[in-house]
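The values are calculated or read from the model by the stated rules, or taken from the named source; none is laboratory data. What you see is a predicted model; the values in this text were computed from it and never measured. Glycine gets a Cβ as well: all are built from the backbone with ideal geometry, and neighbour counts include every protein chain shown.
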Amino acid sequence: MERTDLQWLIHLIKCHDRELPELRRLNAYYEGTQPLSYMAPELQAELQETVRQVVINWPRLVVDSLEERLDVEGFRFPDEPDSDRELWRIWQANDMDEQSQQGHLDSLVMGRAYVVIGTRAGDESTPLVTVESPLDMYAEFDPQTREVRATVKRWSDETEDGRVEHATLMLPNSNSWWLKEKGVWVEDPDHPKDEHNIGEVMVEVLANRPRLKCQGGVSELTDVIPLSDAACKIATDMMVSAEYHATPRRVAFGFGEEDFVDANGRRVSAFSRIIGRMWATEKNRKDDGADVVQFSEASLSNFHETIKQLATLVASLAGMPPHFMGQSTDNPASADAIRSAETRLVKRAERRQRRAGGTWERVNRKVMRLRDGVWNDEARSLETIWRDASTPTVAQVADAAVKKFVAKIVPLRQTREDLGYTQAQIVRMEALDREAAQDAMQRILAGDLGPLETGVKPGFEEDTPEPVPEPADAA
């Protein structure tokens, strides 16, 4: 049975409400505001005024290590050597350098982010593209085509009459705006329904590690959270233990309250007795049986070793080099060893590039549909250009790129892309190349060539034959 717009709206909001608690939990772990785990409630209630959780934010480290390697540098049509300047102009006009980074980050943390494509008022040649958080948006997929078939975006405003809830419902052929009045959703009279009749929802899902039965993706933190909880618990216990380690426990036999006095005979406070800054008494061990016993200090090495073991497990699951987790050896690793250790992380980043690249290509396909009014068949083969996910040295990259260019394996533009220059920098370089070539041609035609250009070394004259001396007269 076909749903009405209101039925779609209520259905999507209910689905979104069901997943919000888990999304907020994942977001809290990335921000380092998660609650303390692995501690008995009774002990936590007893110590809550004196113990604060020590947060070892491995979830953020795991996510940021991947996100830092996901940088879009352009888009290229099939059989075209250069990136498309018009698509890059639209990308820059929408501040997608910043927004794409935020979208990649949210998709790694919460499993998905959303990209919305729409028209821009007053500029039909530059469609509007925004990236949305899964905390504000939800999408439902068609089980047959696996394409988005309906989405809802929610937000609220503070007014004089209180908080007003808003929602935007996006369907294949229309967009509609809603607000909640007295607990009932009604269409917003200030935003008439948009019947665009494009046939596709103008939303794409930036999903992390999607599967056939889980198109919405999964969080990169799923495997890391239990180990992070354990590390935070061990670190917190270590700080509790350090309190007693710094102040060893003592037992005093044969003393009364009146015996704890300072050098002037004044009683010392309870804290001073615990710390033991100064004790003075006339009692002695022989006559009064007075004695003070100090317990041995507790070692914290067991906490250190446990945290190191947990760090090793996190590095293994996340594919990160050991030095990312603060583990190092006496001998510093060589450059080759560091690159070898990053192999798994680089491969994971390249997988994320492949998946996210498909999303950005579909986004650009819809951008061109809004700009041109018709679908562009060539856009189905659009390619996303990514910055190299690996971390080779500058000298290695330059050496390899120059050798391939000299051997005529790749053209100059590809060489510059391999060297890591952005598309804007490459365009400026090509403009400078053209200017230099035109200037050289004009100088050739004008006959104004310097000594270097004529092949004569500066400071040297052309070779002239020296005069041969006449033979001396015979004696």
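Okay, here's what the table says:
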| read-out | value |
| --- | --- |
| Test result for LEU206, within 25 Å of the chain's Cα centre (by Cα), more than 14 Å from ASP142 (Cβ to Cβ) and either modelled with pLDDT under 90 or surrounded by 12 or more Cβ atoms within 10 Å (Cβ to Cβ) (or both) | yes |
| Flag if SER125 is surrounded by fewer than 17 Cβ atoms within 10 Å (Cβ to Cβ) and in contact (Cβ under 8 Å) with a residue 60 or more places away in the chain | yes |
| Residue ID - modelled with the lowest pLDDT, chosen from residues in the range 129-143 that are under 22 Å from ASP5 (Cβ atoms) and not hydroxyl-bearing (Ser, Thr, Tyr) | PRO143 |
| Test: residue in the range 288-309 that is surrounded by 15 or more Cβ atoms within 10 Å (Cβ to Cβ), at pLDDT below 85 and either out of contact with any Leu (no Cβ under 8 Å at 6 or more places or on another chain) or not in a loop (DSSP other than H, G, I, E, B) (or both) | yes |
| Hits in the range 408-430 (condition: farther than 22 Å from ASP97 by Cα and among the acidic types (Asp, Glu)) | GLU430 |
| Output for the range 76-111, where each listed residue is of a type in the set (Gly, Ala, Ser) and touching a residue at least 40 places away in the same chain (Cβ under 8 Å) | SER83, SER100, GLY103, SER107, GLY111 |
| Members of the range 28-58 that are over 20 Å from ALA356 (Cβ atoms), assigned to a helix (DSSP H, G or I) and at pLDDT 90 or above | ALA28, TYR29, GLU31, TRP58 |
| Options ASP439, ASP418; residue that is among the acidic types (Asp, Glu) and at pLDDT below 85 | ASP418 |
| ALA113 small (Gly, Ala, Ser) and surrounded by fewer than 17 Cβ atoms within 10 Å (Cβ to Cβ) | no |
| Restricting the range 128-151 to residues that are under 24 Å from the mean Cα position of the chain (by Cα) and charged (D, E, K, R), the residue that is surrounded by the most Cβ atoms within 10 Å (Cβ to Cβ) | GLU132 |
| Single unsatisfied condition, SER83 versus (1) modelled with pLDDT of 90 or more; (2) farther than 30 Å from THR4 by Cβ; (3) of a type in the set (Ser, Thr, Tyr) | (1) |
| Strands (runs of 3 or more DSSP E) lying entirely in the range 136-192 (those with 3 or more residues that are under 11 Å from VAL203 (Cβ atoms)) | 137-141, 148-159, 162-171 |
| Looking only at the range 222-232, and only at residues there that are over 20 Å from HIS16 (Cα atoms) and not small (Gly, Ala, Ser), the one that is surrounded by the fewest Cβ atoms within 10 Å (Cβ to Cβ) | PRO226 |
| ARG154 being modelled with pLDDT of 95 or more, surrounded by 15 or more Cβ atoms within 10 Å (Cβ to Cβ) and closer than 28 Å to LEU61 by Cα | no |
